[in-house]
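The values are calculated or read from the model by the stated rules, or taken from the named source; none is laboratory data. Just so we're clear, the structure is a prediction, and the values are computed from it rather than from any experiment. Cβ placement follows ideal geometry from the backbone for every residue including glycine, while neighbour counts extend to all protein chains displayed. SASA here: full protein model, heavy atoms, side chains in, ligands and nucleic acids out. Shrake-Rupley method; radii C 1.70, N 1.55, O 1.52, S 1.80 Å.
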Amino acid sequence: MESFMAKFASCRYQNQICEDTLKRIRLYSDSLARYGKSPYLYPLYGLGELPQGFARLSAIYGGTYMLDKPSDEIVMENGKVVGVRSGEETARCKMVVCDPSYVTDKVKKVGQVARCICLMNHPVPNTKDSLSCQIIIPQHQVGRHADIYVAAVSYSHQVASKGWFIAMVSTTVETSNPEAELKPGLDLLGPIEEKFFSVSDLLEPVDDGKESQVFVSASFDASTHFETTCLDVLDIYKRAMGEDFDFTKVKHTLEEEHE
């Protein structure tokens, strides 16, 4: 329950008050009741649809996208950002929101994540031939400090050819043999046609960005449900805007916006 419903990544929650745990379980329960069999949503054609949707929504509100443009320099004056240079062009701005790869001098390494993307021609065994699933292996069941995550999607999500499945197994690196740390998750998948293993650094900003107006996100962690990423987005909003994001002001349609 603590790993799958409350989505705690480690056992540190045991030393905290129960309020946060109850809120997390309530969120899982409410999400499950809202959309049917699963509390999770996944976009058709893959996660790349999310930035595309953001681009379209941004354009409606007057935003401008400079596509296929390299970022050569974040231009600073008197310790504050004033623009982003791409070649001989500079886009002027009052703030920059970016991931750690753009500002290596403003982040620190706090760990590593091991990931393995697997291609299969069958569903994950023992899931009743489900076309998608998420499995979280609690850390204490495999003698670890961090959970192991398994997420599988398929051709039903328009991310693979007919009859094919894509699974990702990930965890926080704890030893000098990170690939072996994924074995409990890989063993659940059955035969694997092709797999792609990688280890990436976990990076976090060294400051809140308020002085320089450069607001940096954290790296994606090992979790596959994106809760930590959503919390990071809310944290960036608060640092940049000086207040919490108010979900009650969200408009779901253009008609609502004009009311």
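Of note:
Residue-by-condition table, conditions (1) farther than 30 Å from ALA240 by Cβ; (2) of a type outside the set (Val, Ile, Thr):
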{"position": "PRO125", "(1), (2)": "yes, yes"}
{"position": "ILE136", "(1), (2)": "yes, no"}
{"position": "HIS145", "(1), (2)": "yes, yes"}
{"position": "HIS157", "(1), (2)": "yes, yes"}
{"position": "GLU181", "(1), (2)": "yes, yes"}
{"position": "GLU193", "(1), (2)": "yes, yes"}
{"position": "PHE197", "(1), (2)": "yes, yes"}
{"position": "PRO205", "(1), (2)": "no, yes"}
{"position": "SER217", "(1), (2)": "no, yes"}
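- Of all residues in region 109-162 being among the charged types (D, E, K, R) and outside any loop (DSSP other than H, G, I, E, B), the one that is farthest from the chain's Cα centre (by Cα): LYS109
- Residues of region 163-177 classified as closer than 16 Å to CYS118 by Cα and either part of a helix (DSSP H, G or I) or without any contact (Cβ under 8 Å) to a residue 24 or more places away in the chain (or both), total: 0
- Strands (runs of 3 or more DSSP E) (entirely within region 59-108) containing at least 3 residues that are among the basic types (Lys, Arg) and farther than 22 Å from GLU211 by Cα: none
- Once region 126-154 is narrowed to residues that are closer than 16 Å to LEU188 by Cβ and surrounded by fewer than 13 Cβ atoms within 10 Å (Cβ to Cβ), the residue that is modelled with the lowest pLDDT is GLN141.
- Taking the numbered list (1) free of Cβ contacts under 8 Å to residues at least 60 places away in the same chain; (2) open to solvent by less than 40 Å² (accessible area, probe 1.4 Å); (3) out of contact with any Phe, Trp or Tyr (no Cβ under 6 Å at 6 or more places or on another chain); (4) more than 29 Å from LEU131 (Cβ to Cβ) in turn, ARG239 passes all entries but (3).
- Residue within region 84-97 that is open to solvent by less than 90 Å² (accessible area, probe 1.4 Å), β-branched (Val, Ile, Thr), at pLDDT 90 or above and over 23 Å from SER219 (Cβ atoms) present: yes
- Every pair of residues 6+ apart whose Cβ atoms lie under 7 Å, when the first sits in region 108-124 and is within 30 Å of SER217 (Cα to Cα) while the second is of a type in the set (S, T, N, Q) and open to solvent by 50 Å² or more (accessible area, probe 1.4 Å): ARG115/SER198
- Pairing each residue of region 35-53 that is free of Cβ contacts under 8 Å to residues at least 24 places away in the same chain with any residue that is surrounded by 10 or more Cβ atoms within 10 Å (Cβ to Cβ) and in a loop (DSSP other than H, G, I, E, B), provided the two are 6+ apart or on different chains, yields C-beta distances under 6 Å for GLU49/PRO43.
- Pair list, Cβ under 6 Å, 6 or more apart: region 64-76 residue within 14 Å of GLN52 (Cα to Cα), other residue not hydroxyl-bearing (Ser, Thr, Tyr): TYR65/ALA55
- The single residue among GLU193, GLU181, GLU211 that is open to solvent by less than 70 Å² (accessible area, probe 1.4 Å), charged (D, E, K, R) and touching a residue at least 60 places away in the same chain (Cβ under 8 Å) turns out to be GLU181.
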